[in-house]
Amino acid sequence: MKKLPYKKYLAGSAKVLQKSKSEKKKYAVEILGRKFVVYPNVFSPKYYLDTEFFARELPINKGEEFLEIGPGIGATVVFAVLRGAKNVTAIDINPDAAANTKENVQINGVEDKVTVLQGDIYEPLTPNSKFDTIYWNTPFGYIDKNQEISDLEKAVFDPGYKATHRFVSQARKHLKKDGRLLIGFSTTLGKFDILQTFLEEAGFTVRLVTKEESREIYPVYFEIFEAVVSN
Ligand SMILES: C[S@@+](CC[C@H](N)C(=O)[O-])C[C@H]1O[C@@H](n2cnc3c(N)ncnc32)[C@H](O)[C@@H]1O
């Protein structure tokens, strides 16, 4: 795939976000044969195709305790439970996303195994909460570190990768021994070299689990990476 200048990819993501803002009311979508609702102001799988890829391909281990940062509408939360996670905790900074996840968890009948919280990455957790897997489909659009952005924009862009850095650098405190990070990413829409540096600095070894060619205005790749503690 021919790589375009990075600003073209950023403009493409912004255009998709703008389109998604035309939705003013809650609406229904189907993901992998299950029904979900989408609230306006929440990252929408109707407009962004990565949700379905990650929901389909994320390797869930039976019986694991799973933390998802940034569940958006909560599709991955539901599929993690259906594929055998013992329990799922989900934390989104966007209050509409937290409410949207709660509704989809109920629609899909998995509320007994799910806790949904609102806040910034690990901030709502007690210091001793630990998980087998921590997952985030990160906002991989890299923009200037001083840019102020809305809750919805935070789903797609991360100024200076400051949130991504906190996610990686504080992860070990909330991982059990032999736990892992799963990261939904795009090496075309995001800056993988920066993510890799954060992971190395925090003592993780990273490997590609799977990738898919997709389209978001322009052809792009989506990838799932797994990172485990290396020292
Ligand atoms: C790319 S979207 C992914 C949504 C969903 N997991 C999916 O795949 O459809 C990123 C999500 O992270 C959330 N988010 C952004 N910054 C965050 C932060 N600092 N703490 C928690 N969640 C955050 C956004 O609100 C959004 O729901």
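The values are calculated or read from the model by the stated rules, or taken from the named source; none is laboratory data. Quantities reported herein were computed from a predicted structural model and do not represent experimental measurements. In this analysis, Cβ positions are derived from the backbone assuming ideal geometry, glycine residues included, and neighbour counts consider all displayed protein chains.
Quick one: what pairs do we get from region 61-80, first residue within 17 Å of E103 (Cβ to Cβ) and modelled with pLDDT under 95, second within 11 Å of the ligand (Cβ to nearest atom) and not hydroxyl-bearing (S, T, Y), C-beta under 6 Å, 6+ apart or different chains? Listed by first residue and then by second, the contacts come to nothing, as the list is empty. The condition (being more than 10 Å from the ligand (Cβ to nearest atom) and under 12 Å from the mean Cα position of the chain (by Cα)) is satisfied by just one residue among L17, L10, L67: L67. Counting only strands (runs of 3 or more DSSP E) that sit completely within region 127-231, those holding 1 or more residues that are more than 14 Å from the ligand (Cβ to nearest atom) and among the small types (G, A, S) correspond to 175-185, 218-229.
The single condition among (1) in contact with a Gly (Cβ under 6 Å, 6 or more places away or on another chain); (2) closer than 27 Å to E216 by Cα; (3) more than 9 Å from the ligand (Cβ to nearest atom); (4) not hydrophobic (A, V, I, L, M, F, W, C) that K62 does not meet is (2). Note on region 106-116: among residues that are surrounded by fewer than 19 Cβ atoms within 10 Å (Cβ to Cβ) and in contact with a strand residue (DSSP E or B) (Cβ under 8 Å, 6 or more places away or on another chain), the one that is nearest to A171 (Cα to Cα) is T115. Scanning region 122-156 for residues that are among the aliphatic types (A, V, I, L, M) and closer than 30 Å to P5 by Cα yields I143, I149, L152, A155, V156. All of G141, G119 fail the test of being surrounded by 18 or more Cβ atoms within 10 Å (Cβ to Cβ), closer than 23 Å to F185 by Cα and not hydrophobic (A, V, I, L, M, F, W, C), apart from G141.
For region 49-60, the set of residues classified as modelled with pLDDT of 95 or more and either among the aliphatic types (A, V, I, L, M) or farther than 20 Å from L208 by Cα (or both) consists of A55, L58, I60, listed by residue number. Only a single item in (1) free of Cβ contacts under 8 Å to residues at least 40 places away in the same chain; (2) surrounded by 15 or more Cβ atoms within 10 Å (Cβ to Cβ) is not met by A28, and it is number (2).
Applying the condition of being within 10 Å of the ligand (Cβ to nearest atom) and surrounded by 24 or more Cβ atoms within 10 Å (Cβ to Cβ) to region 76-105 and asking which residue is farthest from the chain's Cα centre (by Cα) yields N100.
State whether one or more residues within region 109-118 are closer than 20 Å to F225 by Cα and within 13 Å of the ligand (Cβ to nearest atom). No - not one qualifying residue is present in region 109-118.
Just so you know, in region 31-46 the residues that are surrounded by fewer than 18 Cβ atoms within 10 Å (Cβ to Cβ) and touching a residue at least 12 places away in the same chain (Cβ under 8 Å) include one that is farthest from the ligand (Cβ to nearest atom), and it is K35.
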